[in-house]
Number of protein chains: 2
Amino acid sequence: MQTWDAITSRRNVRSYTGQPISPEHLDQILEAGRRAPSSRNTQPWDFVLVTDRDQLQELSKVWVGAGHLASAAAAVALILGDDPEHARRAQFDLGQATMSMMIAAADLGIGSGHAGVGDQELAGQLLGLPADKTCAFLIAFGYPADRPLAPIKRPDRRPFDEVVHRGRW
Amino acid sequence: MQTWDAITSRRNVRSYTGQPISPEHLDQILEAGRRAPSSRNTQPWDFVLVTDRDQLQELSKVWVGAGHLASAAAAVALILGDDPEHARRAQFDLGQATMSMMIAAADLGIGSGHAGVGDQELAGQLLGLPADKTCAFLIAFGYPADRPLAPIKRPDRRPFDEVVHRGRW
């Protein structure tokens, strides 16, 4: 797919068909995340890929906004260490990695929807995390149940001329 | 350009030819940022586009790591309000918007390199920011002076199998 079509087709998808995602496509999505830039190239993340239905259903309980994981074809858990010095900057870096994976997914016709994590103890248990690691976000992936991804003409966003200032505020 | 080529061609570019970026391409990059997802669709950002050479040279002084702005064709300043409740989450959202703009730029053969902001007073003055706004990051854009963007075969990143865990940690 052309890049601009992938960027403009990406939308939050929270209901999925039962179709699995091929291992090659999952690896391509993860590779897009691995390549993302980060502060001083620290790459503060680890990614845990989950495709097991029972595990996805359990993971959907870690936050009230994570219910869509239960029907996803896969989820990628974004894992951070506990270095407080990197905590704030790591959020920006995780955002970059997330967007890279979401655009790579959209390029393959795969929808995505991310979720925060409320219950860290449950998430850590389900993912087998060491004590010094936390699950910062979960990104669900799957083929959209409602309609295929296609470029969105009028996205639900603030108007261009309100967001963009030229030269000065 | 195909999406995967844009994703794998993106790299930090900090030295630029003198070639300007067309207004249409700048708007396309900004549009990619405007469309980025954010927590509850809050879109906590404003973007200030700077193309004036003198202003870019002054902006390059807001941080020791912002020197490359002086020779950039353009810069986008990412502006946040002062709502502390949104501060942490906004970093993740800014990361998503940044990556979206960088991939959109790579698709056009345009390099990018972001910078933090140390001297908020100077940045605010140069950008004409209201007192309740801060400049969170600056992203420089321009055509690479060294070599054109092309897919990178072996990125300087941790190995795939170290970053990616399957099923559990």
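The figures follow:
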item	result
Search result, residues across the range A:23-43 that are over 15 Å from B:Arg154 (Cα atoms), in contact with a helix residue (DSSP H, G or I) (Cβ under 6 Å, 6 or more places away or on another chain) and touching a residue at least 60 places away in the same chain (Cβ under 8 Å)	A:Ile29
Of all residues in the range B:32-52 being part of a loop (DSSP other than H, G, I, E, B) and more than 7 Å from chain A (Cβ to nearest Cβ), the one that is surrounded by the fewest Cβ atoms within 10 Å (Cβ to Cβ)	B:Thr42
Answer from A:Ala70, A:Ala74, A:Ala66 - the residue that is touching a Gly at 6+ places or on another chain (Cβ under 8 Å) and either among the acidic types (Asp, Glu) or more than 30 Å from B:Asp5 (Cβ to Cβ) (or both)	A:Ala66
Residue count, the range A:58-71 (criterion: among the acidic types (Asp, Glu) and crowded, with 20+ Cβ neighbours inside 10 Å)	0
Residues within the range B:68-93 that are part of a helix (DSSP H, G or I) and either at the interface with chain A (Cβ under 8 Å from one of its Cβ atoms) or modelled with pLDDT under 95 (or both), tallied	10
Test for A:Ser38: is it under 29 Å from B:Asp5 (Cα atoms) and more than 13 Å from the chain's Cα centre (by Cα)	yes
Which listed residue, of B:Ile139, B:Ile152, is within 13 Å of another protein chain (Cβ to nearest Cβ) and surrounded by 23 or more Cβ atoms within 10 Å (Cβ to Cβ)	B:Ile139
Test for A:Glu31: is it more than 17 Å from the chain's Cα centre (by Cα) and modelled with pLDDT of 95 or more	no
Residue among B:Gln55, B:Gln96 that alone is in a helix (DSSP H, G or I), surrounded by fewer than 23 Cβ atoms within 10 Å (Cβ to Cβ), at pLDDT 95 or above and at negative phi	B:Gln55
Unique residue being free of Cβ contacts under 8 Å to residues at least 40 places away in the same chain, within 21 Å of A:His165 (Cα to Cα) and under 15 Å from the mean Cα position of the chain (by Cα) when the list is B:Gly95, B:Gly142, B:Gly113	B:Gly95
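Residues checked against (1) surrounded by fewer than 19 Cβ atoms within 10 Å (Cβ to Cβ); (2) within 22 Å of A:Ala66 (Cβ to Cβ):
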{"position": "A:Met1", "(1), (2)": "yes, no"}
{"position": "A:Asn12", "(1), (2)": "yes, yes"}
{"position": "A:Pro20", "(1), (2)": "yes, yes"}
{"position": "A:Leu30", "(1), (2)": "no, yes"}
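The values are calculated or read from the model by the stated rules, or taken from the named source; none is laboratory data. Everything numeric in this text was worked out from a predicted model, so none of it was measured. Positions of Cβ are backbone-derived with ideal geometry, glycine not excepted, and every protein chain shown enters the neighbour counts.
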